[in-house]
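For reference, the structure discussed in these notes is given below.
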Amino acid sequence: MPAHKILVINPNTTSAMTDALKPLINGLKYENTTFTFYTAPSGVPSINNEDDAAVSLNGCSPSLLPYLPTHDAFLVCCYSKHPLVDHLRESLATVGLQHKPVTGIFEASVSSALQSIGMHERFGIVSTGSQWQGILNDAVYAYLGSASSSRFTDTATTGLDADQLHKAPKEELETRMKDATKSLLAAGARAICLGCAGMAGMDEIVRKACVEEFGEMEGKKIVIVDGVIAGAIWLDGMLRATRQ
């Protein structure tokens with residue numbers, strides 16, 4: 001099987017966030033897939049709203065052009081309906097490389113959540129600042145094609161922006177993450193999506209909340225989806241399934 005190269009894109013300028021993604025993706029241990037990690041050279045240190053997302057697009061899109069012919073797939077690591085996803089697809093199509101798959105971690109995690117639970121079960125999202133509740137809810141409705149889908153509970157937020165996640169005291173972070181998770185569980189969620197690339201590796205906190213809420217046996221049945229891992233797995237699968 002031919003080797004594949006996937007570009008993992010952090011569209012903000014904080015290299016520490018990029019570094020936090022590496023052990024997650026490298027932990028997948030794909031033998032025939034190489035991951036390259038990219039941090040935006042300019043733009044914003046943290047994407048906290050749709051305006052920041054637009055600025056980050058302008059900050060990184062020109063420097064991504066040389067990667068289009070050298071990589072086979074592209075993962076945008078911002079948990080939003082980030083404009084870079086469509087921009088990359090359009091840029092690839094312009095140079096005749098439209099067969100190369102692109103996804104964002106938002107799209108990958110929602111799809112994975114839906115495929116991991118029953119047809120009549122629901123999922124929710126734990127995210128960062130309160131502004132993301134409306135933004136992500138709208139993004140989910142657009143992705144599902146309905147503003148009244150019974151498959152989605154809500155987005156619950158911690159009140160901490162992405163750049164604050166790793167600066168907050170551990171006890172405060174855990175309390176905020178657990179409270180957000182438990183509100184989704186109470187609303188019927190049976191899958192929880194980590195709604196920020198900066199939450200990479202924080203699934204253990206969410207699992208603790210599930211166990212506290214339902215007990216050891218039932219709490220471990222709740223599906224927890226890390227969009228970074230979901231996106232990497234989906235892209236690798238697409239490359240294997242659609243050989244060019």
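Throughout, read-outs are computed from the coordinates displayed, never taken from laboratory work. Not measured: the values here are computed from a predicted model. Reconstructed Cβ throughout: ideal geometry from the backbone, glycine too, with neighbour counts over all protein chains shown.
For the stretch 158-198, trypsin sites (Lys or Arg not before Pro) meeting the loop criterion (DSSP other than H, G, I, E, B) and having at most 12 other Cβ atoms within 10 Å: 167. Computed from the C-alpha gyration tensor, the three semi-axes of the ellipsoid equivalent to the chain are 29, 20, 17 Å, from longest to shortest.
Taking the chain as a Gaussian network of alpha-carbon nodes connected by springs under 10 Å, the highest mean-square fluctuation of the residues 95, 110, 55 belongs to 95.
Against the chain, whose longest principal axis is taken from its Cα atoms, helix 50-64 shows a tilt of about 30°. Could you please state, rounded to a whole Å, how far the C-alpha centre of the stretch 132-190 is from the C-alpha centre of the stretch 29-66? One Cα centre to the other: 23 Å.
Computed from the Cβ-Cβ distance with R0 of 45 Å, the FRET efficiency linking residue 187 to residue 242 stands at 0.75.
Could you work out [θ]222 nm for the chain from helices alone, using -39500 (n - 2.57) per DSSP H run of at least four and dividing by all its residues? Round to the nearest 500 deg cm²/dmol.
On the way: 9 runs with 112 residues, N = 244.
Roughly -14500 deg cm²/dmol at 222 nm, from the helical runs in the chain.
For residue 147 and residue 207, the FRET efficiency from 1/(1 + (r/R0)^6), where r spans their Cβ atoms and R0 equals 22 Å, is about 0.15.
Taking θ as phi - 60° and the Karplus parameters 6.51, -1.76 and 1.60, the scalar couplings of the stretch 230-239 work out to 4, x, 5, 5, 5, 5, 4, x, 4, 5 Hz in sequence order, x denoting glycine and proline.
Using R₀ = 30 Å, calculate the FRET efficiency as 1/(1 + (r/R₀)^6) where r is the Cβ-Cβ separation of residue 32 and residue 90; round to 0.05. Numbers along the way, then the final one.
Working: r = 28 Å, r/R0 = 0.95.
That pair, residue 32 with residue 90, gives E of 0.60.
With θ set to phi - 60°, apply the Karplus curve 6.51 cos²θ - 1.76 cosθ + 1.60 along the stretch 173-187 and write out the HN-Hα couplings as whole Hz, x wherever there is a Gly or Pro. Going residue by residue, I get 4, 4, 4, 5, 5, 5, 4, 5, 4, 5, 5, 6, 4, 5, 7 Hz, with x marking Gly and Pro.
Considering every pair of different Cα atoms, what Kirkwood radius, in Å, is found for the stretch 107-226? Each step should come with its number before you reach the end.
Working: mean 1/r = 0.0709 Å⁻¹.
After inverting the mean inverse Cα-Cα distance, the result is 14.1 Å.
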